[in-house]
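Before any comments, here is the structure.
The values are calculated or read from the model by the stated rules, or taken from the named source; none is laboratory data. Bear in mind that the values here come from a model prediction, so they are computed numbers and not experimental data. Cβ coordinates were reconstructed from backbone atoms using ideal geometry, including for glycine residues, and neighbour counts include every protein chain displayed. For accessibility, only protein heavy atoms count, side chains too; no ligands or nucleic acids. Shrake-Rupley method; radii C 1.70, N 1.55, O 1.52, S 1.80 Å.
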Amino acid sequence: MTIIDLLRHTSGLGYGWGPNTYVDRKYRKAKILNRKNSKEFIEKLSGIPLYHEPGTGWRYGVSTDVCGYLVEVLSGKSLDEFLSTRIFKPLNMNDTFFEVPINKVKKFCSLYTRTKSESLKLLECAGSSRFCKPVNMYSGGGGLISSMRDYLVFLEMIRCGGRYDDAQILGRKTVELMLRNHL
């Protein structure tokens, strides 16, 4: 398995959400999405067979979570700290977090859904949201909360070949590689 396999979801890893196959049952038994920390997650995952030989098939799954763990191991920093120092601060993305700080909760929206009768139903109140609680594992695959402004800045950096204002976050060739179809 290579890093490119992880980035394009051709690693052979999944979520265990498929039909009742042997590998799916192993994912469910390991409770792979109930994770206390990155190291425990990787230890659980390492005991589960792959769905396929890396590079031979595509399956959406925990590949980007493994990438997040690799960032932590290779940088010597938590994923939260790495993203903050290398991306969010240089781009002035001041409203992007894994945990919404108490002083930012007033900007955070509650989550609603439409019911069959077209009325709105509260799914998650902003002040008591899981995103306002401490995070056990900073996930490479999800969990960041951001503002529209911060996300627009991030997308503009990608559109501009890795640069935004005075911040060079990625090299132009890296962005070109990221935007190419690898499947």
Practice item. Could you look through segment 14-30, keep only residues that are part of a loop (DSSP other than H, G, I, E, B) and either open to solvent by 10 Å² or more (accessible area, probe 1.4 Å) or in contact with a Cys (Cβ under 6 Å, 6 or more places away or on another chain) (or both), and pick out the one that is modelled with the lowest pLDDT? Key: 20
Check your understanding: Can you tell me how many residues in segment 114-125 are open to solvent by less than 50 Å² (accessible area, probe 1.4 Å) and over 18 Å from residue 142 (Cα atoms)?
Key -> 1
Review point. Restricting the first residue to segment 105-123 and requiring it to be over 24 Å from residue 144 (Cα atoms), which pairs with a second residue that is open to solvent by 100 Å² or more (accessible area, probe 1.4 Å) and hydroxyl-bearing (Ser, Thr, Tyr) meet a Cβ separation below 6 Å and a spacing of at least six or different chains?
Key: 120/112
Exercise for review: Inspect segment 62-69 for any residue being assigned to a helix (DSSP H, G or I), in contact with a Gly (Cβ under 9 Å, 6 or more places away or on another chain), touching a residue at least 24 places away in the same chain (Cβ under 8 Å) and among the charged types (D, E, K, R) and give the result as yes or no.
Suggested key: yes
Practice item. For residues that are out of contact with any Phe, Trp or Tyr (no Cβ under 9 Å at 6 or more places or on another chain), outside any helix (DSSP H, G or I) and farther than 30 Å from residue 177 by Cα, tally how many sit in segment 104-163. Key: 15
Check your understanding: Only one of 99, 156, 118 is touching a strand residue (DSSP E or B) at 6+ places or on another chain (Cβ under 7 Å) and of a type in the set (D, E, K, R); which?
Key -> 156
Review point. Could you count how many residues in segment 31-52 are outside any helix (DSSP H, G or I) and either surrounded by 12 or more Cβ atoms within 10 Å (Cβ to Cβ) or modelled with pLDDT under 95 (or both)?
Key: 12
Review point. Which one of these does residue 57 not meet: (1) part of a loop (DSSP other than H, G, I, E, B); (2) free of Cβ contacts under 8 Å to residues at least 60 places away in the same chain; (3) open to solvent by 30 Å² or more (accessible area, probe 1.4 Å)?
Key: (3)
Review point. Here is a list of conditions, (1) open to solvent by less than 40 Å² (accessible area, probe 1.4 Å); (2) assigned to a loop (DSSP other than H, G, I, E, B); (3) within 21 Å of residue 7 (Cα to Cα); (4) touching a residue at least 60 places away in the same chain (Cβ under 8 Å), and residue 91 meets all of them except one; can you say which number that is?
Key: (3)
